[in-house]
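All remarks here apply to the structure that follows.
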4 protein chains.
Amino acid sequence: MYVENVAGRPVGVLQGGGLSSTALGIWLAEHGVDAHHLVADIGQAPAAELEATVSAWRARGVPATLVDLRTPMAELALDLVRYQARHDGGYWNTTGAGRLVLVEHLAPRLLAEGRTVLAHGCVGGGNDQRRFARYTARFAPGLDVYAPWTDPGALRRFPGRAAMLDAVQDAGLPLDEGSGADWSTDASLAGASHESASLEDLAVPVDARSLRPRWSRWPAGAPDEPQTVTVTVAAGRITDIDGSGPDPVAIVGRAGELGARHGVWLRDVVERRIIGTVCRGVYEAPALEVLGAAWLRVLQTSLDQRSRALYDQLSATLGAAVYEAWYAEAAARSARDALDALLVRASATVTLTLHRGTARAAAVDVTASGAPQQTRFGTGGNRWREPVAV
Amino acid sequence: MYVENVAGRPVGVLQGGGLSSTALGIWLAEHGVDAHHLVADIGQAPAAELEATVSAWRARGVPATLVDLRTPMAELALDLVRYQARHDGGYWNTTGAGRLVLVEHLAPRLLAEGRTVLAHGCVGGGNDQRRFARYTARFAPGLDVYAPWTDPGALRRFPGRAAMLDAVQDAGLPLDEGSGADWSTDASLAGASHESASLEDLAVPVDARSLRPRWSRWPAGAPDEPQTVTVTVAAGRITDIDGSGPDPVAIVGRAGELGARHGVWLRDVVERRIIGTVCRGVYEAPALEVLGAAWLRVLQTSLDQRSRALYDQLSATLGAAVYEAWYAEAAARSARDALDALLVRASATVTLTLHRGTARAAAVDVTASGAPQQTRFGTGGNRWREPVAV
Amino acid sequence: MYVENVAGRPVGVLQGGGLSSTALGIWLAEHGVDAHHLVADIGQAPAAELEATVSAWRARGVPATLVDLRTPMAELALDLVRYQARHDGGYWNTTGAGRLVLVEHLAPRLLAEGRTVLAHGCVGGGNDQRRFARYTARFAPGLDVYAPWTDPGALRRFPGRAAMLDAVQDAGLPLDEGSGADWSTDASLAGASHESASLEDLAVPVDARSLRPRWSRWPAGAPDEPQTVTVTVAAGRITDIDGSGPDPVAIVGRAGELGARHGVWLRDVVERRIIGTVCRGVYEAPALEVLGAAWLRVLQTSLDQRSRALYDQLSATLGAAVYEAWYAEAAARSARDALDALLVRASATVTLTLHRGTARAAAVDVTASGAPQQTRFGTGGNRWREPVAV
Amino acid sequence: MYVENVAGRPVGVLQGGGLSSTALGIWLAEHGVDAHHLVADIGQAPAAELEATVSAWRARGVPATLVDLRTPMAELALDLVRYQARHDGGYWNTTGAGRLVLVEHLAPRLLAEGRTVLAHGCVGGGNDQRRFARYTARFAPGLDVYAPWTDPGALRRFPGRAAMLDAVQDAGLPLDEGSGADWSTDASLAGASHESASLEDLAVPVDARSLRPRWSRWPAGAPDEPQTVTVTVAAGRITDIDGSGPDPVAIVGRAGELGARHGVWLRDVVERRIIGTVCRGVYEAPALEVLGAAWLRVLQTSLDQRSRALYDQLSATLGAAVYEAWYAEAAARSARDALDALLVRASATVTLTLHRGTARAAAVDVTASGAPQQTRFGTGGNRWREPVAV
């Protein structure tokens, strides 16, 4: 889709406030496109910054609206933990999760107000472009998608981020923190991902010279003293961490503060992309890793052997679904239903130790469990006791 | 099998020098059994200690022989890394690997010298008892297995480890480090596992009060400064770490020293046992985790998407084979052949950072690879470059 | 458990009316055991025969009760079709399903009337003995199980089926059709399995000389003319075959008559047993194969690609659960819930052709589908049309 | 790639002699393209017909060469049986296998004689177009691929098969049997696939009115009498069927004649395509199904439980590899190596019964096996005998 096809149609812009979507807004304005910018709050920045973005567009005569999506974002973040929905068996794919929340909540809204095109600023040819396309087709069938970095005209106008930065600065528009000519950050309350020229070079170590984290301290700068926190799980759901109470935004927020302070899950990943290539990025997911460390201990003590095998199978399915953007399809919904049923018996209190980049389960008080326990030393140490169900 | 069936037959004892196998030796001597004690060196203790064990038995008129198995133990340890053969997708099962090395090399030797019974001191009803039985049937068919802690007579004589300790002290026999009335350690150059009454209690945190590690420092006591080391992989095999040279014992030894100094992989696991129950143990596998961190980065950059999927499948098969003691069967041999073929193209140099309990790949210099790389910032940052094969 | 432990306790006998459970009844009577015989009707024989069995025991002063379980048996048979819950990816395990129905419905009833022992006549050391044990532990915890062919006394009294046959004939008790000294049949409305000395010999072909089928004609004796029948599926459930109407007993009954007439699914299987050995048996499952042929066509046209992948995964899980007797455990229940959710959209009418041992889908009228269709000849034959969702 | 880019370059045509590739030849000639037609013999038609095709092109001044590929085609067909490499767990994908043989042997030959473009006539947007592209990139990197039915000019000249048929008839060129305006057949010695407008309509039954099979009789027209044949397997390879001797072409040829006579594996499939859509086709694979029936019985008796589990996993991988055209990639080669190692112990003689559409193993004489057998009636019928390894 080219800008010529967009001109004259009512467009909705997913305006994150970063360099690329700000440049998209300028590009559409230069073509006189009628565009409503939706600025979603998924916890990527302080509310004041997001309001400043809205105000700046309005000041230019461009309609803009702030939409608070922190609750669905936090709920999905907790699902990632519950289902251990990680990519390639490993990393917390918070960007893929954020795309789902944005499209699920904003695309139907755009359709409802009569917009016929959804525009976003994601990199051409990458994972996120596919995710926006797939989720838009699912949640707002009929809404066309405009991705400027597949439009030759837009690429001529902005051959790269340096040109975008010039245009944004000329326009006097604000930019979020993660926006430079040669680096980029995508954030939400669930975490952040960072890309840059040096991060892409596998031979260059990731450290304070190559990256300024969004939320996290480097482990070397984390407190000397370990910190102990308690996570409560009731009927298969995390209901509290360190006094947060049960509100999802509070749980994820508290876990994120704790994890970031101790440098938990700030790491590079050589990531397999949707089309099978690999590239390196750096990820922060302190909240998910802190909660995930507790959750793994709960799984170990709450699922019998066959239930755990089924859990692991379905967990891998859901990890792929988040990454490849089919989390809302029938297969993924069915897998989630199955896991919800399996997990409903899980209740426990887990004590975690956070220290210099690690979150580890120290102790668990299992109040209901399906995994039979067996001990040796209770018998004198030379034979195993009969299995005991808690 | 009861001691009555053993009396009068030539027995070989797998004598580790720990409490349980020392008590087994006393029990057999009390029944006048003709027993040859084989003391294998798989790196579990300094050679001098093992020689002391041999001397002590000989001094009592019991034939005893030291057998150096450090090379096959190190080779298997490197296979665990190459194949990522971990239990339940997670922990490094060094005890299961040690059992294989012992039986593969000692059981045929016992048969060859005319012994008809193999005796070992493992806990009754547990994983290791099954492992000794399965591997003996495979490597020395016809050799019977005597496991005292399934023999009611032996259990009456030694109702628990306290009774064993009394007997061993009365006899003036030496004991290895990991042997107390209420705690037990199994070690090899690949790692160590610890069990005790308090470690089995899920509600008790594991720390310096509940455990004295065999090889490792606690992360809190590890050096303040990160250490950088280099791991070389050539044609699918680790050929050097930090100047070790290619000898397997040197590689595993050097990796173990480095990892232990920084407290890498000293952790508790709520482990799913062969029969499906769970219990907690504590594990040290500093060598495997250090080498494994480098190896994962090699996998990420050396295997195309389908090769990686096949690798992960077969890796899970081999993890189960090590744990459940069928690593020498046709299915496991076939899986190993397939992975060897897949890995032969992998060559790279990985720079690792070791610090306070963590080993992380910092950089990798890929000299041959099958995974196509893709970057974004080389293009200006708003579209992905075509995939590039190294 | 020995008969001495049973004497004096109130026992419930699962009385199938075959040779082995009739001999069990004699054995218990010879020891004066208070035994209530429950004769379940799972469609294994005409009602008159089952009533005759009840009457014969009562005539000997032994309490006996007929329990109609045809509806739960038919419901489970339809579940096997819905979930394609086959063993080793292949055969219809009707015996495993029958064991579940018997224990789920009879064991709690025995407990409720104060019986403390459940006795059954299954072969010692085989699959069914394990199934009765596992399901009894699940559905009636606390009810002990007595299996005579693991009791040395019973084995001395009846060293084999020839001795049982003599005793039953001496006692004048009736026997069901599948009961000889050297052959045995297990049947239900879902099918039948046959075992005998010659059937166990892999080198002997299975034909009219070695086997008299329970329900089925040999394909060579089936009608010359193919028969066309229609199967209706609505919202994921089979609701009719050939005018049967929606009653499960009617559906399975009608499908069974049709399939048996045409010799559908009368075949030998070299079956992998629970402990991993293999042996040959012969199976009849005409109802399941006829319905299954229709069902596969429904799956192909009703599930999108990812849903089908998930279906196949969970189907394999449930096939194992039926065979290994954990169909009522949490993991299996969760898998069934997930599949129920996936299948709810499947609605279609399938035309089947039955002929000389085969049931094939000839045509399908898909009224609702999730699998996008694509055709070539509609475009002139040299390019594929865009996918169309029904 | 458009014909304008092809003009002036030396082109190689994969000339099957069917409607589409004959029209491709006409189209290239109309543009004066220098094209060498390679007519491969993969057993799709009598040699005389293939020679007639070669002669017809030469008579028009177009260079054409007959290339005998029956041996590699038969070897690959036997691999499909050995690995049970079927699509979606079910059908014998002989078309996918044929594409591999063609490109592996013809594309490097074209490169070697200086051709820079490979042209083929496959349907636009379908599986085979993807297969030709993938295999050409693998076996002849640098050779461009011209697919006319993605070229708008060619589609204007030939909007469909009717237009092609007119042009071919006008040109007086011969056509193979499977070539009509509204139907198409792809064949090799391993089988045949049929597509047509009516076959694509799921609501129309497949029978003698809708399809004329290439090789097979309809079961209703097959002999009344069953036929018994013997298949020999030695060291993991089929070495004879019914006196064929060990030549692969002879084995596949003899198996095909037998199967076709009895109507074995002539059936429709609602096939999941590479992109996830479904459509119906009709397939003949008499040779593969006859040999496959024997092979399955060999697997059941020759692989222990874990080996069979690994076999099934890798077999599924290879079924996908054949369908999706990555059979020559590292992952597939590794899977084949692993299965070759597993199968080397399999040796047996299987007696098959062929009758009216079915091929069934009647008996097997196992001369070497890894699967432990267990029988019941040898013990008197009330307990299982200890497992016996052959």
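The values are calculated or read from the model by the stated rules, or taken from the named source; none is laboratory data. This is a predicted model, so every value here is computed, not measured. With ideal geometry, Cβ positions are generated from the backbone for all residues, glycine too; neighbour counts draw on all protein chains shown. Remember, those area values only see protein heavy atoms, side chains included, never the ligands or the DNA or RNA. Shrake-Rupley method; radii C 1.70, N 1.55, O 1.52, S 1.80 Å.
Of the residues making up the stretch A:220-230, not a single one is on the phi > 0 side of the Ramachandran plot, touching a strand residue (DSSP E or B) at 6+ places or on another chain (Cβ under 8 Å) and not in a loop (DSSP other than H, G, I, E, B). The number of residues in the stretch B:128-148 being assigned to a helix (DSSP H, G or I) and open to solvent by 10 Å² or more (accessible area, probe 1.4 Å) comes to 8.
Is the stretch C:321-331 home to any residue that is among the acidic types (Asp, Glu) and either touching a Ser or Thr at 6+ places or on another chain (Cβ under 8 Å) or modelled with pLDDT under 95 (or both)? Yes, there is a match, as at least one residue in the stretch C:321-331 is among the acidic types (Asp, Glu) and either touching a Ser or Thr at 6+ places or on another chain (Cβ under 8 Å) or modelled with pLDDT under 95 (or both).
Flag: residue B:144 does not match the condition of being within 30 Å of residue B:291 (Cβ to Cβ), touching a Ser or Thr at 6+ places or on another chain (Cβ under 8 Å) and away from every other protein chain (no Cβ under 11 Å). Could you tell me whether any residue of the stretch A:13-21 is in a helix (DSSP H, G or I), out of contact with any helix residue (DSSP H, G or I) (no Cβ under 7 Å at 6 or more places or on another chain) and not assigned by TED's automatic domain parsing to the domain that holds residue A:233? Checking the stretch A:13-21: at least one residue is in a helix (DSSP H, G or I), out of contact with any helix residue (DSSP H, G or I) (no Cβ under 7 Å at 6 or more places or on another chain) and not assigned by TED's automatic domain parsing to the domain that holds residue A:233. Sub-7 Å Cβ pairs linking a first residue in the stretch A:144-163 that is closer than 18 Å to residue A:120 by Cβ to a second residue that is part of a loop (DSSP other than H, G, I, E, B) and aromatic (Phe, Trp, Tyr), at least 6 apart or interchain, are A:151/A:2; A:153/A:2, ordered by first then second residue.
In this structure, is residue A:212 within 21 Å of residue A:92 (Cβ to Cβ) and within 14 Å of another protein chain (Cβ to nearest Cβ)?
no
Summed over the stretch D:238-267, the residues that are touching a Gly at 6+ places or on another chain (Cβ under 9 Å) and not in a loop (DSSP other than H, G, I, E, B) give a count of 9. Of the helices (runs of 4 or more DSSP H) lying entirely inside the stretch B:276-390, the ones with 3 or more residues being free of Cβ contacts under 8 Å to residues at least 12 places away in the same chain and either within 14 Å of chain A (Cβ to nearest Cβ) or not acidic (Asp, Glu) (or both) are found at B:305-324, B:330-343. Of all positions in the stretch A:220-227, at least one carries a residue that is within 11 Å of chain B (Cβ to nearest Cβ) and small (Gly, Ala, Ser).
crowded, with 24+ Cβ neighbours inside 10 Å and outside the structural domain of residue D:225 (by TED's automatic domain parsing), is that true of residue D:314? Lay out the reasoning, then the answer.
Working: crowded, with 24+ Cβ neighbours inside 10 Å: yes; outside the structural domain of residue D:225 (by TED's automatic domain parsing): yes.
Yes: the conditions hold for residue D:314.
Among the candidates B:208, B:162, B:203, single out the residue that is in contact with an Asp or Glu (Cβ under 7 Å, 6 or more places away or on another chain), open to solvent by 40 Å² or more (accessible area, probe 1.4 Å) and hydrophobic (A, V, I, L, M, F, W, C). One residue alone meets the criteria, B:203. The residues of the stretch C:161-183 that are modelled with pLDDT under 95 and within 12 Å of chain D (Cβ to nearest Cβ), listed by number, are C:179, C:180, C:181, C:182, C:183. In the stretch A:88-126, the qualifying residues are those that are acidic (Asp, Glu) and within 20 Å of the chain's Cα centre (by Cα), and the one that is farthest from residue A:17 (Cα to Cα) is A:88.
Kindly establish whether residue D:103 is open to solvent by 10 Å² or more (accessible area, probe 1.4 Å), under 21 Å from residue D:187 (Cβ atoms) and in contact with a helix residue (DSSP H, G or I) (Cβ under 7 Å, 6 or more places away or on another chain). Criteria not met by residue D:103. All of A:54, A:39 fail the test of being in contact (Cβ under 8 Å) with a residue 24 or more places away in the chain and more than 17 Å from residue A:192 (Cα to Cα), apart from A:39. Is there a residue in the stretch C:336-359 that is hydrophobic (A, V, I, L, M, F, W, C) and touching a Phe, Trp or Tyr at 6+ places or on another chain (Cβ under 7 Å)? Checked against the condition, which is being hydrophobic (A, V, I, L, M, F, W, C) and touching a Phe, Trp or Tyr at 6+ places or on another chain (Cβ under 7 Å), the stretch C:336-359 yields at least one hit. Taking residue C:47, is it among the hydrophobic types (A, V, I, L, M, F, W, C), in contact (Cβ under 8 Å) with a residue 60 or more places away in the chain and not assigned by TED's automatic domain parsing to the domain that holds residue C:236? So residue C:47 fails the test.
With the requirement that a residue be more than 8 Å from chain B (Cβ to nearest Cβ), more than 12 Å from residue A:265 (Cα to Cα) and touching a helix residue (DSSP H, G or I) at 6+ places or on another chain (Cβ under 9 Å), what does the stretch A:184-197 give you? Across the stretch A:184-197, the qualifying residues are A:186, A:187, A:188, A:189. Quick check on the stretch D:108-117. Is at least one of its residues over 27 Å from residue D:263 (Cβ atoms), in contact with a Leu (Cβ under 9 Å, 6 or more places away or on another chain), in a loop (DSSP other than H, G, I, E, B) and touching a residue at least 60 places away in the same chain (Cβ under 8 Å)? Within the stretch D:108-117, one or more residues are over 27 Å from residue D:263 (Cβ atoms), in contact with a Leu (Cβ under 9 Å, 6 or more places away or on another chain), in a loop (DSSP other than H, G, I, E, B) and touching a residue at least 60 places away in the same chain (Cβ under 8 Å). Within the stretch C:236-270, the set of residues being open to solvent by less than 10 Å² (accessible area, probe 1.4 Å), under 16 Å from the mean Cα position of the chain (by Cα) and of a type outside the set (A, V, I, L, M, F, W, C) comprises C:259 only. Looking across the stretch A:198-219, the residues that are touching a helix residue (DSSP H, G or I) at 6+ places or on another chain (Cβ under 9 Å), of a type in the set (A, V, I, L, M) and in a loop (DSSP other than H, G, I, E, B) come down to A:202, A:204, A:206, A:208, A:211.
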